[in-house]
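Since every read-out is calculated from the coordinates, none of them should be taken as a lab result. This structure is a prediction, so every number in the text was calculated from the model and none was measured. As a convention, Cβ positions derive from the backbone with ideal geometry for all residues, glycine included, and neighbour counts pool all protein chains shown.
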Amino acid sequence: MSIRNKFAEFAQYHRTMRELNTLDTRQLRDLGITRSDFRDIARGKVL
């Protein structure tokens, strides 16, 4: 994997984490996720 791909993955991870952190508790409950799920979600792992 090239450095360019690694950087793109890193940027996508942080973008996803930033977006997830904007959700409030009610929205998370509606989606069926918790804050402890954020890392797995951002890394692209399916719950």
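Annotations
- The chain - mean residue ellipticity at 222 nm from DSSP helices (-39,500 (n - 2.57) per run, n ≥ 4, rounded to 500): -18500 deg cm²/dmol
- Within the chain, longest stretch free of exposed trypsin sites (Lys or Arg not before Pro) [DSSP loop, at most 14 other beta carbons within 10 Å]: 1-42
- Descending Cα extents along the principal axes, the chain, whole Å: 39, 20, 12
- Euclidean distance between Cα centres, the stretch 1-19 to the stretch 20-45, Å: 18 Å
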